[in-house]
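To keep things clear, I will list the structure first and then write my remarks on it.
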Amino acid sequence: MTAPLTIAVTGGAGQIGYQLLFRIAAGDMLGTDQPVRLRILEVPQAMAALEGVVMELQDAAFPLLASVDTTADASVAFEGADHALLVGARPRAKGMERSDLLAANGAIFAAQGRAIQEGASDRIRITVTGNPANTNALIAAAAAPDIPRERFSALTRLDHNRAIAQLAAKTGAPVADVRRMIVWGNHSATQVPDITHATIGGQPAVDLVEREWVKHEFVPTVANRGAAIIEARGASSAASAAAATIDHVRDWARGTAEGDWTSMSVISRGEYGVPEGLVSSFPVTTADGDWTIVEGLELDPDVEAQLRASVAELDDERMQVRALGLL
Ligand code: NAX
């Protein structure tokens, strides 16, 4: 049988963790022929709750689950890890400014970046879900200079999937017929969902929906979906965020479908005018654990303007973490 891969997951006692760990163990992420070892990192105060999650993982008797270990020590969690899923983060508390959030999470992601550099496998791929995801990925990468920056990514797949779902619902098409969706920029309310290159059953999406709908309904609905879920559910997106994390890692490891692409936040080398070094969402194709930004797409003027605003926000976050000495 294939040797198990080691998957380190942080924040395993949280709401996303409660979905994510079971999907990984079921083989939804790396395939039903790939055994996995789970290494779960939590803060000491969440260890008791995490033990309950581990008991449930045992009770599910997943044939692919080779082992489960828990720890509050990052260097133990990432030792030999093939994938690191950085989900745990400090939530924004009442009265906390965004800069306070950046500082609190900066310390966490810098320490985890260092631990990954020290102990992870040569094959390590890092996916940051914990917010502010793009800038947390930037911080972790800066703390691990010996690991190629291409190995660090942040999750915008939930936004991508939300965009596909909205377009499919509007046109009455199955989600599987929607291809070449793009989300550009930051995983925040400034994100830029873009249908101008999308197709539905092979037809250009822009021929099937009104421009006004895109501008006044589609973009705001996708960008503010997280807030709408909190309003309705009384808690932030968890199952869909876990599903998106699974999709992100699966496509990264196993490749995007022929003729399609996905959205991932990855390091910019200046593509589409995004300043070098920022972790921004782009359309990417993937194969064998590597991603390639889809280049040469013409940007619609509305998309271009929104992308500049989202990138300005990323740049501002980078300046703030630089001022904190984290870069
Ligand atoms: P929860 O608060 O339910 O769980 C977070 C868990 O992380 C807690 O159990 C906490 O103890 C743990 N944690 C905190 N600091 C840690 C550290 N230093 N090491 C290890 N574990 C640590 O949050 P949940 O709903 O699971 O969300 C997790 C993160 O995902 C949040 O930052 C959230 O904002 C972010 N999200 C990102 C999304 C995306 O698309 N990129 C969408 C969903 C979600 O909002």
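The values are calculated or read from the model by the stated rules, or taken from the named source; none is laboratory data. Everything numeric in this text was worked out from a predicted model, so none of it was measured. Glycine gets a Cβ as well: all are built from the backbone with ideal geometry, and neighbour counts include every protein chain shown. We work out accessible area using only protein heavy atoms, side chains counted, and drop any ligands, DNA or RNA first. Shrake-Rupley method; radii C 1.70, N 1.55, O 1.52, S 1.80 Å.
Any idea of VAL175's accessible area? Nearest 10 Å², probe 1.4 Å.
90 Å²
Which of the helices in the chain, when you take each full DSSP H run, stretch at least 30 Å along the axis at their Cα atoms and have an average Kyte-Doolittle score of -0.5 or higher?
Passing helices, by number: 98-119.
Explain nothing, just the number: dipole magnitude of the chain about its Cα centre with +1 on each Lys and Arg Cβ and -1 on each Asp and Glu Cβ, in debye rounded to the nearest 20.
Values: 27 positive and 41 negative charges, 110 e Å.
Charge dipole of the chain: 520 debye, to the nearest 20.
Run through the range 246-327 and list the trypsin sites (Lys or Arg not before Pro) located in a DSSP loop whose Cβ has at most 13 other Cβ atoms within 10 Å.
In loop regions of the range 246-327 (DSSP not H, G, I, E or B), the sparsely surrounded trypsin sites (Lys or Arg not before Pro) are ARG269.
Taking springs between alpha-carbon atoms closer than 10 angstrom, which of ASP159, ASP302, ASP247 fluctuates most in the Gaussian network model of the chain?
It is ASP302.
On the accessible surface of the range 5-154, probed at 1.4 Å, how many percent belong to carbon and sulfur atoms?
Result for the range 5-154: 51 percent of the exposed heavy-atom area is carbon or sulfur.
Would you be so kind as to identify which of LEU326, ILE200, GLY234 lies farthest towards the positive end of the dipole of the chain, taking Lys and Arg as +1 and Asp and Glu as -1 on Cβ and the Cα centre as origin?
Of the candidates, GLY234 comes out farthest on the positive side.
Largest first, what is the accessible-area ranking of THR2, THR190 with a 1.4 Å probe?
Ranked from most to least accessible, the order is THR2, THR190.
Does the range 230-289 come out rounded, prolate or oblate by the C-alpha gyration tensor, with a ≥ b ≥ c the root eigenvalues, rounded set by a/c under 1.5 and, if not, prolate when a/b is larger than b/c and oblate if not? Numbers along the way, then the final one.
Numbers: a/c = 2.72, a/b = 1.38, b/c = 1.97.
Oblate, because a/c is 1.5 or more while a/b does not exceed b/c.
For the range 199-327, just say rounded, prolate or oblate: build the C-alpha gyration tensor, square-root its eigenvalues into a ≥ b ≥ c, call rounded for a/c under 1.5, and beyond that prolate if a/b exceeds b/c, oblate if not.
rounded
Of the residues ILE267, ILE229, ILE147, which exhibits the maximal mean-square fluctuation in a Gaussian network model of the chain defined by a 10 Å Cα contact cut-off?
In this elastic network of the chain, the residue with the biggest mean-square fluctuation among ILE267, ILE229, ILE147 is ILE229.
Name the trypsin sites (Lys or Arg not before Pro) in the range 92-201 that are in a loop by DSSP and that have at most 11 other C-beta atoms within 10 Å, would you?
Working: sites: ARG92, LYS94, ARG98, ARG114, ARG123, ARG125, ARG149, ARG151, ARG157, ARG162, LYS170, ARG179, ARG180; in loops: ARG92, LYS94, ARG123, ARG180.
The qualifying sites are LYS94.
Of the chain, which part is the longest with no GluC sites (Glu not before Pro) in a loop (DSSP not H, G, I, E, B) and with at most 10 other C-beta atoms within 10 angstrom? All intermediate terms of the calculation are to be shown ahead of the outcome.
On the way: sites that count: GLU97, GLU258, GLU276, GLU295, GLU298.
Between the exposed loop sites, the longest stretch runs 98-257.
How big is the dipole moment of the range 101-162 about its Cα centre under a simple scheme where the beta carbon of each Lys and Arg is +1, that of each Asp and Glu is -1, and everything else is neutral? Debye, nearest 20, please.
Values: 7 positive and 5 negative charges, 37 e Å.
Dipole about the Cα centre, nearest 20: 180 debye.
In debye, nearest 20: dipole of the range 5-154 around its Cα centre with unit charges on the Cβ of K, R (+) and D, E (-)?
My answer is approximately 480 debye.
For the chain, what does the helix formula give at 222 nm: sum of -39500 (n - 2.57) over DSSP H segments with n ≥ 4, over the residue count, nearest 500 deg cm²/dmol?
The per-residue figure over the chain is -12500 deg cm²/dmol.
Connecting C-alpha atoms closer than 10 Å in a GNM of the chain, tell me which of GLY172, GLY52, GLY17 has the biggest fluctuation.
Residue with maximal mean-square fluctuation among GLY172, GLY52, GLY17: GLY172.
Using the Karplus curve 6.51 cos²θ - 1.76 cosθ + 1.60 with θ = phi - 60°, work out ³J(HN,Hα) for each residue of the range 2-7 in order, rounded to whole Hz, and write x for Gly and Pro.
Each residue of the range 2-7 in turn: 4, 5, x, 9, 9, 10 Hz.
In the range 156-318, carbon and sulfur make up what percent of the accessible area (probe 1.4 Å)? Present the calculation step by step, with values, prior to reporting the outcome.
Working: 3350 of 6870 Å².
In the range 156-318, the share of accessible area belonging to carbon and sulfur is 49 percent.
Just the Cα atoms of the range 269-321: what Rg and Dmax do they give in Å?
Cα radius of gyration and Dmax of the range 269-321 are 12.3, 35 Å respectively.
Provide the per residue accessible area, probe 1.4 Å, for the chain, rounded to a whole number of square angstrom.
With all protein chains present, the chain gives 43 Å² per residue.
Quick one: in the range 5-154, what % of C-alpha pairs are over 24 Å apart?
The share of Cα pairs beyond 24 Å in the range 5-154 comes to 28 percent.
Take the alpha carbon gyration tensor of the chain, find the square roots of its eigenvalues, order them as a ≥ b ≥ c, and report rounded if a/c is under 1.5; if not, report prolate when a/b exceeds b/c, else oblate.
Note, shape of the chain comes out prolate.
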